[in-house]
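To start, the structure itself, in structure tokens.
The values are calculated or read from the model by the stated rules, or taken from the named source; none is laboratory data. Since the model is a prediction, treat every value here as computed from it, not as a measurement. In this analysis, Cβ positions are derived from the backbone assuming ideal geometry, glycine residues included, and neighbour counts consider all displayed protein chains.
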Amino acid sequence: MRKIVKKIAIYFIAVILIGLVAIFSYDRYQLSKESKLLDPNGTLVEVDHQKINVYTEGDGQETYVFMAGSGVAAPIYEMKGLYSKFSQGHKIAVIERAGYGYSDVSKDERDIDTLLAQTREALQKSGNKPPYILVPHSISGVEAIYWAQKYPEEIKGIIALDIGLPSQYVEHKMGVIDLWTVKGMNLLTKLGVHRLTPSQVYNPEVMKQSFLSAEEKEIYKALSYKQVFNDDMKNELLHVYENSLKSEALPKPKDTPILIIDAITKQNKDSNFTQYHSQKYAEFAEQINIAEVKELSGTHSIYLYKPDEIYNLAIAFMETKVGSKER
């Protein structure tokens, strides 16, 4: 009986290994094929011996800087529906930090000081000078708040899109299971297994939107397959607790005007998590001299669902609360 069980186990392992080799080979083939679509879109500048991509559009005295959330592998394409609203009358820049979009993968530890230094240098080298109005989403909220804490003179305002606050990441430190899940997902993408679950690689909602052409949607998918859950994205999550601690150790950026967009779905409006999330936003806003929290109906990727509403709220906030006016 033992011999039979042993043979079955060997066959089972052999099948898995053969399957993984086949998946890996197919992923390599597809990446090579898709690479033909990936001509750089933006300005690639050298920062810390690697290329960082900055996409710029529009014109104006101030620059709205769009900062993608964790795992948004192709920010230029996924966030286009929102930033194209701003670029009609303002200057915008989409910063693709290391490991995102057309930027190189740095494979460093992704500590907050390195992240911020690279972002600031890339913007300057690509011709985007401060003052900036930051538009962070999700995990980028930590970098945006830290930026305002360290260099308040560079930041005229923050339009925060359902961001994660440093205090939230500190209070909810990832456990052992979460840490191994992150590492496991990183390993699976290196093996090419992510090809089996496209909806986890890129946002299917983007494919339904009209702001991208058919060609841009193919580029969006190709970039996502290339970059999703790479080492930089992994390290970004593994170090978010330590990065948030650095921000929490500093005084709140009370003199930086902040508009927080709180994305709330009808299904989860009364949930404990949503109420906690909204409460943390309110508590944070109370510590800022000029701050507002506005609720919008939609999922976490709120920029896909309410671009017009976000644009109108942002411009009204900057004009009435901050006195920022452009053409």
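On inspection, Tyr241 qualifies as in contact (Cβ under 8 Å) with a residue 60 or more places away in the chain, part of a helix (DSSP H, G or I) and surrounded by fewer than 17 Cβ atoms within 10 Å (Cβ to Cβ). Within region 157-215, the set of residues being in a loop (DSSP other than H, G, I, E, B), in contact with a helix residue (DSSP H, G or I) (Cβ under 7 Å, 6 or more places away or on another chain) and farther than 30 Å from Phe24 by Cβ comprises Asp162, Ile163, Gly164, Leu165, Lys173, Gln209, Phe211.
Checking each residue in region 134-179 for being of a type in the set (S, T, N, Q) and surrounded by fewer than 24 Cβ atoms within 10 Å (Cβ to Cβ) picks out Ser138, Gln149, Ser167, Gln168. The residues listed here are Glu109, Glu121, Glu96, Glu46; of these, the one that is farther than 29 Å from Ser210 by Cα, of a type in the set (Asp, Glu) and touching a strand residue (DSSP E or B) at 6+ places or on another chain (Cβ under 7 Å) is Glu121. Among the residues of region 189-202, the ones that are touching a Phe, Trp or Tyr at 6+ places or on another chain (Cβ under 8 Å) and either outside the structural domain of Asn230 (by TED's automatic domain parsing) or free of Cβ contacts under 8 Å to residues at least 24 places away in the same chain (or both) come to 0 in all.
If you go through region 87-119 and keep only what is touching a Phe, Trp or Tyr at 6+ places or on another chain (Cβ under 9 Å), closer than 25 Å to Leu38 by Cα and not in a loop (DSSP other than H, G, I, E, B), you end up with Lys91, Ile92, Ala93, Val94, Ile95, Glu96, Leu115, Thr119.
Within region 87-105, residues that are closer than 10 Å to Gly60 by Cα reach partners that are outside any loop (DSSP other than H, G, I, E, B) with beta carbons closer than 6 Å, at six or more positions or on different chains, in the pairs Ser87/Glu57; His90/Tyr64; Lys91/Thr63; Ile92/Glu57; Ile92/Tyr64; Ile92/Tyr83; Ile92/Phe86.
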